[in-house]
Every structure is written in structure tokens, then in C-alpha cells.
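Undergrad: Starting off with a structure, shown below.
The values are calculated or read from the model by the stated rules, or taken from the named source; none is laboratory data. Keep in mind it's a predicted model, so treat the numbers as computed, not measured. Cβ placement follows ideal geometry from the backbone for every residue including glycine, while neighbour counts extend to all protein chains displayed. Surface areas here come from the heavy atoms of the whole protein model, side chains and all, with no ligands, DNA or RNA. Shrake-Rupley method; radii C 1.70, N 1.55, O 1.52, S 1.80 Å.
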Amino acid sequence: MSDMMKQIIPYTLLAVCLLSACQTDDYEPTAETSGESGMLSLTVSANDFAVTGGASTRAADNGKTTTFENGDRVGLIVLNTTGDIIADNLPYKFNGSNWNFDTGNGEGKQPVFYDPSMNSYIVYYPYNASVDETKSVEGLKASTVFAHQADQSTENAYRQSDLMVWSSSGKPMKQITAALAHVRNSFSLDAKVQWTLATGDAVSYTPPTLEDVIIYDKEGKPFLPYRAEDGSYRYILSDNYEGKVRWCYTYGEKTFGGECTVSSQATGTRYAQVETANAGEYSLDKAAPGDFYCSKETNGTNTGYVVPQEAVSVLEQHRCIGIVFHVGRHETDQSDYSKPLTEDGPTIPDGKVHGYVVALTDVHDGSSDRLRWEYGPGNVYNKAIDASTSTSDWQGYSNSLKFHEFVNKNENKEAGWEMKHFPAALACETYGNRTTDRDGNPADGKYDWQKPLAAPKNTSGWFLPSCGQLRYLYQNRSVLSARMTDVNNSTPTDCGYKEYIKWFSTSLYYWSSTEYSSYTRSALIVDFYGGSTDYYVKDRTHDVRAVLAF
């Protein structure tokens, strides 16, 4: 059973006289057995832990309560007026919406009829065949299988320690309402970290890993808690435990800790502690490969900032536009980032490069999904722009400047050359800010989904990567592809671009901004199926993915 808010689940426990032992499906009512005298109707719910401890609230303890999952089983015990067993620990299994007698129990157990001599009822979770012939709640608690376990580091051990029961006696019932209650107290530690982003906003989340997490009792003996899916540490306390519970953990080379006081007077209480460690500022200098690069518009200015990759649980609160794939300026990147590609284009403050970002989607120019590298006036495509020719350099931005230098030369202007004659490079530059299609006509809105992905003002702007940058992306495809999946899972479906978020197409070639040194009519591509490098004539169409420096 997962640890979420328990819903009230109505279901019917059907009593029949005989059931063939060869049946394999869960018990279902028939016309003969569904009469008023043969049916037990049972509605089951589970009381939540009462939450206490410091400033913790139910909202702060979200995700630490319980809900049934498909395949979960509860046990039913029914006694008569003299205390004899009528139904001996019968298993009922949840199928996702209803509960039915588990005919595949493998124990030879059969369901029973309603009988007026029925007097006492016990429903408990989780079901275990070892408690056959048990007649009381105390008997369940005293059984070895439900004894408090010191080591609860596995989910099964944690669940077995968290026995939940309901009981009623005094009258026979055809309609039973059972609200299961936790018979022991619980402790949970949800250790969060808070960073201040480059925009001044704070981000708080439960980190996927903490170091040296220790929870220990009043005598200094460590607990061995269960690490739940939400990142919290949970421990079912032993019967009648009373006194201090202490904890400490390390994050970012800093140690944090605290304590709370447990009372044994009331069972079913969760002592929930939500601890938030202030880790300081997550500046651009702290960026790491795999981090999420996001943008925020304030007073008409689009500013870029970095969100730690471990903060994926709160990523939906941010507009991610790309993934950081390298930090710091690459040693082979000699580009002058103080020069913007266009007069009013974005630029890195002081030209200092903190890292590089790859876009979440392929680039399109509004008229074609695959783009040519070059197709000049008069169908010319054999002009060299003096771009880099190495298969390993990171001169993507420098190459982008070369395109502009080429079209600005007088002789090239006179020949009619414009940036539109370099479709792949221009589509990267106008990614998110496109106003015309490939042929210079007004944008038709076909790719307006790119607008939220526009480059922030404090970046280089999007540009066509060099061959070396593309090869690096291929070599690190595993981590980067996983982060793109995180973004896709966290992006609202109505944002307009969710369906386009994907890793590079593994069956396609991608244009680089690097020219082929031996043949001016060709430029280099990278094959994202096998990672090979090749050259193709510049008028060929291939896929394009933009990058930026920040």
C-alpha cells in the first residue's frame, strides 16, 4: 500500500456456501449468493496519522499518508457471540477499484455466509497468513509478523511495522464500515534545501540524496528508516516509545540537525519534521552539466538563470528553455562574445562565459523542418564563409559571426547575399524571435510555439553549434536526454511546445557551423545514430539544433 491519502473504498464481501477450489478469479457475486441474507457489505477507509511536531502541518507532510494500490490485501476476522472464529483471517484483494475475496490465496480458504451469530469483526492491513486463529487486535499486535522491526530500511519492513486495524463487536452487521487506524506512532524527516536563484527568487525542494543522514533515539541508538519516494525518511516507532528523537544530516559540506519530543499517550500520531537548509545563492557560476537553464520575463526583459538538476520536483514552476551541457568557457572556444550577432541582439555581460546550453527542440524556420546550410542568390551554394574547419573546436559562435561578416562585405551585398541564404544559421538566431520565414516573407505563425524558448538577454543568443560542440553533445547524450525527459514530464501540456521537446533524432544528421576544409561546397554534419562525422553539400537539408552560451 502506498503512503498517500487513503480514500474511502466501498466494496462488498460476498458470503457463499461453497466455492470450487479450482477457481482462479477473485470471488464475485452470483444470482444465488447476492440475496440479502448472504451478503456482507463492507466499506473501508483508513484514518490518517495525526500530524504534530514543530511547525509541521498536514500540508507540509503531504505524501506521507496511505492509499490502497492494486493488489493490496486486507485480512478479515469474524467471531461469534461465544468468541469462536467464524471467518479465520480471510484475505480480500484490491483490484484498483473494488475488493473481492482472494480466491487465488493458495491457502484453501473460502468466503463465508452472513450469520446472525456474528458478533465481532476485525479488519487489518497488511494481510498475513501467519496470524490465522488470531481472535483480537492485541493478538495481531503481539504476533511476530507484526512486531516492531528495528531495521525499516526496506518498504516491506516499514509496512509490516505499520499495522493498521479496525474492530467492532456487540451486534451482527450486514453493512460494515471499517476505518483502519495506525496502532503505532510514526516519525518522518523531510529535509529540504533552499537556494536563491540568479533572479532573486527562492527555490525549495527535497534533494534526492543527502549525506550522513542519522536519526537516533533518546539513548543515542540509530534508527534505520525507510527512504520513501518523495525523499522523506520514515520510521514506525516502537510501542510506548516516549522521549526525544534526534537527527542530523549533511548537505553541501554543512551539517544540520534537530530534535523533537514523542509522547506515548496517543497512538496514530506522526511526528513530522520538515527541515529547510538555506544553501545560499545558486549563481550562474554554480551551474553544473545537466542543470536546467530557465528564463523569466520581468518588466519586458527576459533573464536567464540556472535551476539545479536535483530540483526536478519543482521544475514545473519554472520555464526551462534548455539543458546546461558544459560549464565554463571551453579551451578551444576563441569566440568574441562581446560582439552580438545583430545590433539589438542579446549579449553576455562582460563577455564572461559561465557555460553552454542546448535547446530542448529542433529548430525550424517556419517553412521547413529540415534546413539547408547555404543556398545563395542564383542558386549558388559553393561560397566559403571562412568558418572553422576542425572537427573538434568549439567555434560555433565565432562561425555565426562569420556568416554576418560574409553578407556585410560590399561585393557580397552587391551580389544580393543576405542571412536568409544561410537557413540553418538564421533559423538558430531567430529561434523564438522569428518574424519572417526562410524566404523573407512574414511569419505565418506555424512555429509560434518557439516564442517561449527565446534566448534571454544575458546570453549569446541561440546559434548553430560547431562540429566539436555537436560531437560533445552526442558523447554526453545519456545524461542530457534524461534531463530533457524530466523537462517534458514537468512542462504543462498547454504551453504550446511540450510535444516538440525531444533529444536529437538518432536516425538523422545534424548540421554544424563547421565547413569542410577540402571542399568549399560542403559543411560538416554529425550523425546522432552512431556519432560519426561526415560532410555534405551545403544545399542538402538536414536537422538543426541550436545552442547558446551564458
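Undergrad: Somewhere in the range 407-414, is a residue in contact (Cβ under 8 Å) with a residue 60 or more places away in the chain and either open to solvent by less than 30 Å² (accessible area, probe 1.4 Å) or within 42 Å of the chain's Cα centre (by Cα) (or both)?
TA: No; the residues of the range 407-414 include none that is in contact (Cβ under 8 Å) with a residue 60 or more places away in the chain and either open to solvent by less than 30 Å² (accessible area, probe 1.4 Å) or within 42 Å of the chain's Cα centre (by Cα) (or both).
To keep it simple, each residue is scored yes or no on (1) free of Cβ contacts under 8 Å to residues at least 24 places away in the same chain; (2) of a type outside the set (Lys, Arg); (3) in contact with an Asp or Glu (Cβ under 9 Å, 6 or more places away or on another chain); (4) assigned to a strand (DSSP E or B).
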| position | (1), (2), (3), (4) |
| --- | --- |
| TRP503 | no, yes, no, no |
| SER513 | no, yes, no, yes |
| GLY530 | yes, yes, no, no |
| TYR535 | yes, yes, yes, yes |
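Undergrad: What residue, of TYR121, TYR158, TYR127, is on the phi < 0 side of the Ramachandran plot, within 33 Å of the chain's Cα centre (by Cα) and without any contact (Cβ under 8 Å) to a residue 60 or more places away in the chain?
TA: TYR127 is the lone residue from the list that is on the phi < 0 side of the Ramachandran plot, within 33 Å of the chain's Cα centre (by Cα) and without any contact (Cβ under 8 Å) to a residue 60 or more places away in the chain.
Undergrad: Scan THR261, THR301, THR269, THR276 and give me the residue that is surrounded by fewer than 22 Cβ atoms within 10 Å (Cβ to Cβ), at pLDDT below 95 and closer than 30 Å to LEU473 by Cα.
TA: THR301
Undergrad: What tally of residues in the range 169-206 results from selecting those that are open to solvent by 40 Å² or more (accessible area, probe 1.4 Å) and either under 30 Å from ASP115 (Cα atoms) or touching a Pro at 6+ places or on another chain (Cβ under 7 Å) (or both)?
TA: Final tally of qualifying residues: 7.
Undergrad: All but one of (1) aliphatic (A, V, I, L, M); (2) part of a strand (DSSP E or B); (3) open to solvent by 10 Å² or more (accessible area, probe 1.4 Å) hold for ALA87, so report the exception by its number.
TA: The single condition ALA87 does not satisfy is (3).
Undergrad: Moving on. Restricting attention to the range 321-373, which residues are under 20 Å from ILE501 (Cα atoms), open to solvent by 60 Å² or more (accessible area, probe 1.4 Å) and at pLDDT below 90?
TA: ASP369
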